[in-house]
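Asker: First the structure, then my questions, so here it is.
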Amino acid sequence: MPTHYDVYRDQLSPYQFGQALWEPRPARGLAVAVGDVGYIFLGGFRRLFNIHLPHDDASHTMGVPEYFEQLPLRDGEVFERPMVAGVYRSRSVRSVEVGTQVSGTASLVGGQFSFSTSKEQGAVLALPNTGRRCDVYIRAAYEDYINAHCDQWLAFAERHRLGIRIDDIILITGCDLTTSWAMAAFMSSEFDASISLQFDAGMAGTVAAYSGISWRNSRNAVYNHGPDARSRPASGDNLRLPPTTVDTSQIDMAPVPDQCVFVRGYHMKRRPLFMPKKLKAFAKPRDYSRHNEDEDEIELGDDGSGSSEDEVVELGAGEKHTPLYGPLLDYILEDPMVDLAIVHDDDLNPFLSGSVEQFVP
């Protein structure tokens, strides 16, 4: 059964923003940045090192992999634009706005939202304030870098006994940062669920913006919100943020956008020693009674009962939950000439249908 952070991530994937993080708080005080190499743990990003920083950078508290080479990031290579404030939700979630107020800076400054589902999974992300989206313009150098160094990354993780595989590792090429957030996941397809979200008037755009948001009246829903005011630094001096053209002289006057709600990046997988000749991901649990164990070819249609002539990869599959990019990596490795499969989150977009809605103030 998928966890609440799996459901949350998958339900918001049709926005095509990358992977939604259930835990946006910066680990060890380091905001997620372009060039970070790490992995997702319990719904949050855990950074190992950054390929754009020198090996002896103070943020490399775990060290760096053997044969580490810094990849230069030139000025102007990161594209920035606003992350629009509002409520992002899967289409299965119904929403009612009660007395919602909007500031002149497109922020939610007061009111209440009520969300509900009828025996369906769903997810909600609320952003009271406008955030910041960062992505690199040109990614070809990243693929070459992965080819040359990903095995050292896995060895580095094994040396630190992290218990992750190479396909758990992600190289960040984009992220969405904000100052405060609230999220909820509706887990069950058997019971109705509902929850209410309260915004306190006057909270948005202030230093205390993260303290005026709360969930209420939860029924069959899992929720999270933050950050905790006590965990926030007084300024951004000890935070490593992505490259920015924003005037940092005002950083003490406003909340620091260090809370990461979406990440985008590269995933990779090596060819295993043994794998089926054909492999298809499927949207429904597989019926193992229909498969002959002596066969070395697996070829299932989307109903799990037979094969089709066309090679189709369907995402979000199987009894054991796997990330959406997993079946695509396996599909690439069906080619016997491919030893290393590399997939970017953007490569999943053609498979993601429009099943989300957004309230924009």
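The values are calculated or read from the model by the stated rules, or taken from the named source; none is laboratory data. Nothing here was measured: the structure is a model prediction, and the numbers come from that model. As a convention, Cβ positions derive from the backbone with ideal geometry for all residues, glycine included, and neighbour counts pool all protein chains shown.
Asker: Any idea which residue in the stretch 58-98 is surrounded by the fewest Cβ atoms within 10 Å (Cβ to Cβ), counting only those that are of a type in the set (F, W, Y) and farther than 18 Å from G111 by Cβ?
Answerer: Step by step, filter the stretch 58-98, then rank; the result is Y67.
Asker: Okay, moving on. Spot the failing condition for G63; the list is (1) within 24 Å of D346 (Cα to Cα); (2) small (G, A, S); (3) in a loop (DSSP other than H, G, I, E, B), and only one is missed.
Answerer: So the condition that G63 fails would be (1).
Asker: Further, regarding this structure: Out of the residues in the stretch 3-16 that are in contact with a strand residue (DSSP E or B) (Cβ under 6 Å, 6 or more places away or on another chain) and surrounded by fewer than 22 Cβ atoms within 10 Å (Cβ to Cβ), which is nearest to C134 (Cα to Cα)?
Answerer: Per the stated criteria, the residue is Y15.
Asker: Give all pairs with beta carbons closer than 8 Å in which a residue from the stretch 126-152 that is closer than 21 Å to I169 by Cβ meets a residue that is polar (S, T, N, Q) and buried (at least 20 other Cβ atoms within 10 Å of the Cβ); count only pairs at least 6 apart in sequence or on separate chains.
Answerer: D135/T173; V136/T173; R139/T173; Y142/T173
Asker: How many residues are touching a strand residue (DSSP E or B) at 6+ places or on another chain (Cβ under 8 Å) and either of a type in the set (G, A, S) or in contact (Cβ under 8 Å) with a residue 60 or more places away in the chain (or both) if we restrict to the stretch 27-48?
Answerer: The first filter runs over the stretch 27-48 and keeps only residues touching a strand residue (DSSP E or B) at 6+ places or on another chain (Cβ under 8 Å), leaving 27-28, 30-40, 45-48.
Now narrow it down to the ones that are either of a type in the set (G, A, S) or in contact (Cβ under 8 Å) with a residue 60 or more places away in the chain (or both): 27, 30-40, 45, 48.
Summing the residues that are touching a strand residue (DSSP E or B) at 6+ places or on another chain (Cβ under 8 Å) and either of a type in the set (G, A, S) or in contact (Cβ under 8 Å) with a residue 60 or more places away in the chain (or both) in the stretch 27-48 gives 14.
Asker: Taking into account only those residues within the stretch 165-207 that are surrounded by fewer than 23 Cβ atoms within 10 Å (Cβ to Cβ) and within 17 Å of T130 (Cβ to Cβ), which is modelled with the lowest pLDDT?
Answerer: V207
Asker: For L125, all conditions in the list (1) assigned to a strand (DSSP E or B); (2) surrounded by fewer than 24 Cβ atoms within 10 Å (Cβ to Cβ) hold save one; what is the number of the exception?
Answerer: Against the list (1) assigned to a strand (DSSP E or B); (2) surrounded by fewer than 24 Cβ atoms within 10 Å (Cβ to Cβ), L125 comes up short only on (2).
Asker: In addition: On the given criteria, is Y8 at negative phi and part of a helix (DSSP H, G or I)?
Answerer: yes
Asker: Within the stretch 156-202, how many residues are among the hydrophobic types (A, V, I, L, M, F, W, C), assigned to a helix (DSSP H, G or I) and farther than 22 Å from V34 by Cβ?
Answerer: 0
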